[in-house]
Amino acid sequence: MSKNFYITTPIYYPSAKPHMGHAYSSIVADFFARFKKIQGFNVFFLTGTDEHGQKIQRAARDKNMDPLAFCDEISKTFRDLSKTLNLSNNDFIRTTENRHVKSVTNLWNILEKKDEIYLSKYSGWYSVSDEAFYSDDEIKNENGKKTSLTSGSSVEWVEEESYFFRLSKWEKPLLKFYSENPDFILPESRKNEVISFVKRGLKDLSVSRKSFSWGIKVPSNSEHVIYVWLDALTNYISALNYPDEKNKLYKDFWPASLHLIGKDILRFHAIYWPAFLLAANIPLPKRVYGHGWILSGEEKMSKSKDNILDPLEIINIYGLDPLRYYLIKEVSFGNDGNISKEKLENCINSDLANNYGNLCQRVLSFIEKNLELKIPSSYNLINDDKNILKIYEDSFEKIIDSIDRQNINFYVNFIQEQLFSANKYFNDQEPWKKKDDQSRLNTILYVSLELIRKISILLYPIIPNSSLKALKMFNIKEDKIDFNSIKFHENLKKNDKLNKISIMFKKVDRND
Ligand code: MSP
């Protein structure tokens with residue numbers, strides 16, 4: 001099995017500053033990247049900004065700015081956000097960079113040379129907001145305004161000379177690919193939507209525009225710019241130095257292990273992208289996962305609806321790890337979710353401060369008082385101890401498997417159950433009553449420390465900063481965190497001095 005893992009976020013439109021939906025895609029991708037890293041994989045994690053097309057050109061024009069200067073400014077806010085969110089990305093790609101322009105131009109040339117692209121005329125509906133073409137049956141009439149049935153964004157009529165990609169030709173090969181690779185699109189429900197869409201028949205796709213100039217020029221005809229989605233999707237290989245297919249990054253990491261995206265852009269990733277790759281004879285990614293939306297109230301966030309949730313506001317009030325924890329735990333992965341102040345405060349007070357932070361402090365201060373802050377020098381496991389430790393051995397494969405199917409819900413439930421059990425264990429074993437039975441006392445404390453170590457490792461991909469704070473107790477540094485070690489119970493070095501740790505989570509005072 002290959003020990004390389006390549007994960008991508010969508011590249012974001014820098015048409016306005018980032019919002020909670022963008023933060024969500026990025027945080028979840030970071031969760032998977034960090035998990036695979038501690039599992040021992042060589043991980044490449046990519047994010048970036050999607051800077052060409054009419055949407056960006058218009059946004060820049062509205063601000064009276066040159067499109068590149070406009071992108072420079074907003075792309076930076078996305079780059080800054082990736083730092084604020086503590087993303088472990090290896091690269092941040094911008095589609096205005098030379099490396100990307102070179103890669104897209106090369107892909108176009110291949111497609112044109114293979115006669116996968118031809119010149120004709122497009123007449124139909126176009127949504128600038130979605131950067132998508134729609135057919136008549138995908139449009140509705142709303143108060144005299146034509147809008148897309150799926151996204152609700154307004155569409156305009158476009159009639160212009162355009163290059164077309166022979167998408168129709170790839171209908172059968174795509175269906176064959178989906179059936180031979182049943183896990184290519186997840187979750188299952190989204191896969192079914194894609195398959196029925198393809199089965200209804202694919203039309204050739206317009207892949208160039210002539211009526212504006214902000215994009216990568218068609219190499220053989222500079223009057224056209226390449227359709228922004230053909231341009232954008234290619235970022236996933238540009239960052240690996242495509243077209244240099246012999247270089248190490250490309251060889252190690254293509255095909256991608258996981259393109260993590262929102263459900264609204266599934267069609268582009270699960271139909272167009274594999275079709276372009278099939279046509280260019282480039283291997284297809286292994287998985288496309290379409291997650292749900294973070295709703296603002298009951299609706300998707302958008303600038304036009306003026307209902308944007310700003311991740312920075314939440315982080316300033318509550319801190320980063322609580323937000324990461326909330327988004328990963330409270331949004332049932334694959335479905336839509338929303339941010340509720342009450343639920344977020346509950347997560348902080350109950351799960352993080354009480355069940356996790358307090359457990360760490362309680363065990364540590366007990367050991368400080370009774371064992372001079374040292375890891376017990378011996379232990380002698382009885383059934384109660386063996387049973388609670390054994391859960392980690394028994395669930396080990398299931399945890400990995402759930403992550404490999406993007407079943408975050410299983411992972412989060414497992415941690416919650418283990419936090420509950422660890423607290424229960426410490427309470428039920430009553431170490432404060434075992435002061436004259438040193439052997440039993442040692443064992444209870446050893447097991448409690450082991451549980452804290454295991455849970456902190458499990459929490460690392462979700463709340464890396466807090467987990468590291470707890471692991472500092474054992475002097476475990478970030479590059480030494482090893483997920484595989486959770487199934488072994490003899491990790492702690494007897495008699496080693498533990499470090500005291502500072503308060504991990506500040507409870508929210510509900511009367512504030
Ligand atoms: N630029 C394209 C993606 C190109 S990938 C080759 C794009 N950009 S976007 O900025 O509009 O959206 C980027 C991602 O953010 C998408 O996955 C989208 O689903 C996600 N989100 C945007 N709003 C969202 C929510 N309200 N909730 C969750 N994610 C949503 O599409």
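Figures for the structure shown
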item	result
Options ASN316, ILE375, ILE27, ranked by Cα towards positive dipole end of the chain, top entry (Cβ charges)	ILE375
GluC sites (Glu not before Pro) lying in DSSP loop within region 225-302, provided at most 16 other Cβ fall within 10 Å	GLU245, GLU298
Region 13-86: relative contact order as a whole-number percent, Cα under 8 Å and 6+ apart	49
Whether region 1-134 is rounded, prolate or oblate, judged on the alpha carbon gyration tensor where a/c under 1.5 counts as rounded	oblate
Of LYS374/LYS507; LYS210/LYS300; LYS369/LYS494, those spanning more than 24 Å from alpha-carbon to alpha-carbon	LYS374/LYS507; LYS210/LYS300
Positive-end residue of TYR250, SER304, TRP157, charge dipole of the chain with Cβ unit charges	TYR250
Within region 1-107: Cβ-based charge dipole about Cα centre, in debye rounded to nearest 20 (Lys, Arg +1; Asp, Glu -1)	240
Projected label distance in nm at ARG99 and LYS369, using a 7 Å step from Cα toward the beta-carbon	5.6
Contact order normalised by residue count of region 438-512, Cα under 8 Å, 6+ apart, percent	30
CD proxy at 222 nm, helix term only [per DSSP H run n ≥ 4: -39500 (n - 2.57); per residue of the chain; nearest 500]	-13500 deg cm²/dmol
GluC sites (Glu not before Pro) within region 404-508: DSSP coil, no more than 10 neighbouring Cβ in 10 Å	GLU490
Lysines whose Cα lies under 21 Å from that of LYS251, excluding same-chain neighbours fewer than 8 positions away	LYS3, LYS36, LYS37, LYS102, LYS286
Centre separation in Å (Cα based) which lies between region 445-512 and region 1-36	25
Farthest toward positive dipole pole in the chain [+1 Lys/Arg, -1 Asp/Glu at C-beta], among TRP170, PHE184, GLN54	PHE184
Calculated P(r) tail over 32 Å for the chain, as whole % of Cα pairs	47
Length-normalised contact order of region 91-159 in % [C-alpha pairs under 8 Å, at least 6 apart]	25
Charge dipole (debye, nearest 20) of the chain; +1 at Cβ of Lys and Arg, -1 at Cβ of Asp and Glu	1100
Most to least packed among 200-213, 228-241 [average Cβ atoms within 10 Å]	228-241, 200-213
For a label point 7 Å along the Cα-to-beta-carbon line of ASN42, residues of region 246-267 with backbone N under 13 Å	247-254
Sorted by Cβ neighbour density within 10 Å, fewest at the top, the residues SER402, SER196	SER196, SER402
For region 70-163, the fraction of alpha-carbon pairs in successive 10 Å shells from zero, as %	13, 24, 30, 27, 6
FRET efficiency, LYS493 to LEU468 (Cβ-Cβ, R0 25 Å, nearest 0.05)	0.85
Residues LYS398 and SER378, FRET efficiency given R0 of 25 Å [Cβ-Cβ distance, rounded to 0.05]	0.20
Cα gyration tensor, region 74-225 - rounded (a/c under 1.5), prolate or oblate	rounded
Nitroxide proxy distance, nm - points 7 Å out along Cα→Cβ at ASN192 and ASN141	3.3
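All of the numbers you see were taken from the coordinates with simple rules; none came from a lab. Since this is a predicted model, take the numbers as computed values, not measurements. Positions of Cβ are generated from backbone atoms using ideal geometry, with glycine treated the same way; all protein chains shown enter the neighbour counts.
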